[in-house]
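The values are calculated or read from the model by the stated rules, or taken from the named source; none is laboratory data. Keep in mind that this is a model prediction, so the values were computed, not measured. Quick reminder, even Gly has a Cβ in these numbers, built from the backbone with ideal geometry, and neighbours come from all protein chains shown. In case anyone asks, the SASA skips ligands and DNA or RNA and just uses the protein heavy atoms, side chains included. Shrake-Rupley method; radii C 1.70, N 1.55, O 1.52, S 1.80 Å.
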Amino acid sequence: MAKALVLSDEALAAPVAQPRAAQTPAKVEPPIKAAKLPKAPQVPLQIRISANDAKAIKRAALEADQTISDFMLACFHASMKK
């Protein structure tokens, strides 16, 4: 518990710190950004697979309750982990 303080002229004349929220913000320089390199346009990957493999992929995606694109992306990530 804080001790009681006698309010003397010295205590009342002491400077009071201004809260940070009441202070005006200092001017901040924005960080220097690196030059952005132009990105290559994204082109969808198109592959030819047999009809039986396509049917198997569609069934597996359906069983996993995913779209074919999401299923193929998951397969890609799984193959990259190996």
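So what's the angle, to the nearest 10 degrees on a 0 to 90 scale, between helix 51-63 and the longest Cα principal axis of the chain?
Tilt of helix 51-63: around 40 degrees.
In degrees from 0 to 90, rounded to the nearest 10, what is the angle of the helix 68-81 Cα long axis to the longest principal axis of the chain?
80
Exactly which trypsin sites (Lys or Arg not before Pro) in the range 29-65 are in a DSSP loop and have at most 11 other Cβ atoms within 10 Å?
Sites meeting the loop and neighbour criteria: LYS33, LYS36, LYS39, ARG48.
Measuring with a 1.4 Å probe in the full set of protein chains, what accessible area per residue, in whole Å², belongs to the chain?
Value returned for the chain: 110 Å² of accessible area per residue.
Ignoring ligands and nucleic acids, what accessible area does VAL28 show with a 1.4 Å probe (Å², nearest 10)?
Its heavy atoms expose roughly 120 Å² to the probe.
Separation between the ARG48 and MET80 pseudo-spin-labels, each 7 Å from Cα along Cα→Cβ, expressed in nm?
2.8
With no solvent and one point on each alpha carbon, what is the Debye value of log10 I(q)/I(0) for the chain at q = 0.15, 0.17 Å⁻¹?
Scattering profile of the chain, log10 relative to I(0): -0.85, -0.94.
Largest first, what is the accessible-area ranking of PHE76, PHE71 with a 1.4 Å probe?
Largest to smallest exposure gives the sequence PHE76, PHE71.
So which residue, out of ALA17, ALA60, ALA51, gets the largest mean-square fluctuation from a GNM of the chain using Cα contacts under 10 Å as springs?
Top of the fluctuation ranking is ALA17.
Measure off, as a whole percent, the carbon and sulfur share of the 1.4 Å-probe accessible area of the chain, all protein chains present.
Of all accessible area on the chain, carbon and sulfur atoms account for 61 percent.
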